[in-house]
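**Q** Quick one: the structure is below, and I'll ask about it shortly.
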Amino acid sequence: MIQTAPIQATTQSELTREMSNRLHTALSTHLQQAYAPDARKQLRHFSATEAAELLGVTGQFLRKCHSDGSIPEPEIVKKSRRFYSGAELLAIRRVLEDGSRTPGKYIPGRRDGDKLQVIQLMNFKGGSAKSTSAIHLCHHLALSGYRVLAIDLDPQGSLTGFCGIQTELEFDGASIYDAIRYDDPIPMSDAIIQTYFPGLDLAPAKLILSEFETETAVNAGRGVAFFERLHNAIQSVESNYDVVVVDSPPALGFLTLTGLYAASSVLIPMTPSMLDLASTQQFIEMTSAYLEVIEQSGAKLDHDFFSFLITRDDPGDIPSQQIVSLMRALFQDRVLASTGLRSTGIADAAMLKMSIYEVNRSEMTRTTYDRARASMDAVGAEASKLIQTAWGR
Ligand SMILES: Nc1ncnc2c1ncn2[C@@H]1O[C@H](COP(=O)(O)OP(=O)(O)OP(=O)(O)O)[C@@H](O)[C@H]1O
Ligand SMILES: [Mg+2]
C-alpha cells in the first residue's frame, strides 16, 4: 500500500530506506497498472499501410503479393483489412528477399565478410536522451529487418525497462554484469534474452552492474584488461547479430570505456543547450585522455563513425538552434543531419516505457504522432545508411 504519512525516522539511513521503500511501492503499483495483468509487454499489430511503409513497398504491391499468394496471410484480418504482427512482417521480408533481384533490399543485414556493427550511445551528461535514442534505434533497425542486440550498460536499467523487463519488480535472470564480471563470468549467450519485439534481443542491466566499477579498480592489471571484457563477450555471440546497440550510463567510468572499446561506431546524443555543450566538451576531453591511455597499452581503436546526434531538438527555439548551427559548423558531417525532435509524443510513450513505434497512431493526436515518428524514422534511416557505408555499400 502507498504510504503518504510524513516519514518518522531517527537516523539518515532509516530515512533513506523508507524513501526507497515508498518509491519502490509506488513504482511497482504504477508498472502493474500499466502492464496488468501479467506484466508482460507485447508488440502491437501494424496496419496494411504501415506494413507497406515498413517493408518499403506500395500498398498496391503488398495487396498483389497477397492475391497471388506469394507472401503469407497475416492471422488477423478484420472486415477484409489485414493487421500484421512483427513476426509476420519478418516472415514476409524473408519471402520478398528470396524473390528480389537486389540483394539486401528486404533483409539489409550482414553478408559474408561484413563485420558486426556495435554502436555505442554515450555522453556523461545525464538526460541527453541516450536511452530514448537507443530504444528508437533498436526498434527502427529491428523493424527494418536487422538482427539487433541491445546491451544495457547502465545500472539504472532504462533500456532494460524499455525492453519490457522491470528491474524495479522481481527479475532474477542473468544480466550483462554476469558476462563481464571478474569472478566466474557466465557465457554471454546466457546473459541474453529474447524480447517481445521480433528481431531484438537484450542483455539486461541490473543495479549490481555498478560493481563493475569497483571490481575493475581492485582487479587492475590482472587477467584480461577491463576494456576488453565487453568486446570479448560480444565476440562470442557475434554471428547471431547484424547490429549491437549499447546504452551507457551518464558517467565516464569503466563501463562506458569497455563499451567504447567494443564499439565499432559511436553516437554522442546531445541536447542543444549551453550547459550541455559545455558538459559535452568536458566529456570529449576526458574521453580523449582515456583513449590515449588505452592506445598506449597497445590496443587499437578504430571507429567507423564517431558522430553527434542532436536530441530533443526544438526548431522553434532560437537559442538552441544557434547551438545546432555551431555544432554543424564545427563538425560538419560528424553531426547527423536528422535530429530527434522534442516531442510530447516521445515523452508520453516513454512514460509507459515505450518507443513511438509501439504506440498506435490512433492513440495520439495525429500530427504529434506523425512528427515524432518521422523524426525517429529519419534518425534510424541515417544510422542504417552509416551501417551500410561501413559494410562498403
Ligand atoms: N525527443 C524527445 N522529446 C521529448 N522528450 C524526450 C525526448 N527524448 C528524450 N526525452 C525525455 O528526456 C528525458 C531523458 O531521456 P533519457 O532517459 O533517454 O536520457 P539519458 O541520456 O538516457 O538519461 P541518463 O543520463 O539518466 O541515462 C526522459 O524523460 C525522456 O522521456
Ligand atoms: Mg539513460
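The values are calculated or read from the model by the stated rules, or taken from the named source; none is laboratory data. Computed from a prediction, not measured in an experiment: that's the story for all the values here. Virtual Cβ from ideal backbone geometry, glycine too; neighbours counted across all protein chains shown.
**Q** Kindly check whether there is at least one residue in the range 306-316 that is more than 18 Å from Gly127 (Cβ to Cβ) and touching a strand residue (DSSP E or B) at 6+ places or on another chain (Cβ under 7 Å). Quick ask: steps written out before the conclusion?
**A** Just the residues of the range 306-316 that are more than 18 Å from Gly127 (Cβ to Cβ), to begin with: 306-307, 315-316.
Of the ones still in play, those that are also touching a strand residue (DSSP E or B) at 6+ places or on another chain (Cβ under 7 Å) are 306-307.
Yes; the residues of the range 306-316 include at least one that is more than 18 Å from Gly127 (Cβ to Cβ) and touching a strand residue (DSSP E or B) at 6+ places or on another chain (Cβ under 7 Å).
**Q** Conditions first: (1) in contact with a Pro (Cβ under 7 Å, 6 or more places away or on another chain); (2) of a type in the set (Gly, Ala, Ser); (3) assigned by TED's automatic domain parsing to the domain that holds Leu200. Ala134 passes all but one, so which condition is the exception?
**A** For Ala134, the exception is condition (1).
**Q** If you scan the range 120-162, which residues turn out to be within 16 Å of ligand 1 (Cβ to nearest atom), of a type in the set (A, V, I, L, M, F, W, C) and buried (at least 24 other Cβ atoms within 10 Å of the Cβ)?
**A** Filtering the range 120-162 down to residues within 16 Å of ligand 1 (Cβ to nearest atom) leaves 120-140, 150-162.
After this cut, where a residue has to be of a type in the set (A, V, I, L, M, F, W, C) as well, the list is 121-122, 124, 129, 134-135, 137-138, 150-151, 153, 159, 162.
Leu121, Met122, Ala134, Ile135, Leu137, Cys138, Ala150, Ile151, Leu153, Leu159, Phe162, listed by residue number.
**Q** Sticking with this one: Taking the condition of being of a type in the set (Asp, Glu) and either under 16 Å from the mean Cα position of the chain (by Cα) or within 16 Å of ligand 1 (Cβ to nearest atom) (or both), how many residues in the range 234-289 meet it?
**A** Of the residues in the range 234-289, the ones of a type in the set (Asp, Glu) are 238, 242, 247, 276, 285.
Among the residues that remain, those that are also either under 16 Å from the mean Cα position of the chain (by Cα) or within 16 Å of ligand 1 (Cβ to nearest atom) (or both) are: 242, 247, 276.
The number of residues fulfilling the criteria is 3.
**Q** How many residues does the range 344-383 hold that are touching a residue at least 40 places away in the same chain (Cβ under 8 Å), part of a helix (DSSP H, G or I) and within 16 Å of ligand 2 (Cβ to nearest atom)?
**A** Qualifying residue count, the range 344-383: 2.
**Q** Going residue by residue through the range 314-326, is there one that turns out to be at pLDDT 95 or above and part of a strand (DSSP E or B)?
**A** Within the range 314-326, not a single residue is at pLDDT 95 or above and part of a strand (DSSP E or B).
**Q** Please identify the pairs in which a residue from the range 1-27 that is within 17 Å of Gln166 (Cβ to Cβ) has its Cβ atom under 8 Å from the Cβ atom of a residue that is among the charged types (D, E, K, R) and at pLDDT below 90, counting only partners at least 6 apart or on another chain.
**A** Here the result reads His24/Glu168; Leu27/Glu168, each pair linking the range 1-27 to a residue that is among the charged types (D, E, K, R) and at pLDDT below 90.
**Q** Now a separate question. List pairs: first in the range 237-253 and within 16 Å of ligand 2 (Cβ to nearest atom) and modelled with pLDDT under 95, second of a type in the set (A, V, I, L, M) and in a loop (DSSP other than H, G, I, E, B), Cβ under 6 Å, 6+ apart or cross-chain?
**A** The qualifying pairs do not exist here.
**Q** Scan the range 140-172 for residues that are outside any loop (DSSP other than H, G, I, E, B) and within 16 Å of ligand 2 (Cβ to nearest atom) and jot them down.
**A** Within the range 140-172, the subset outside any loop (DSSP other than H, G, I, E, B) is 140-143, 148-152, 158-162.
Of everything in the range 140-172, those that are outside any loop (DSSP other than H, G, I, E, B) and within 16 Å of ligand 2 (Cβ to nearest atom) turn out to be Ala150, Ile151, Asp152, Ser158, Leu159, Thr160, Gly161, Phe162.
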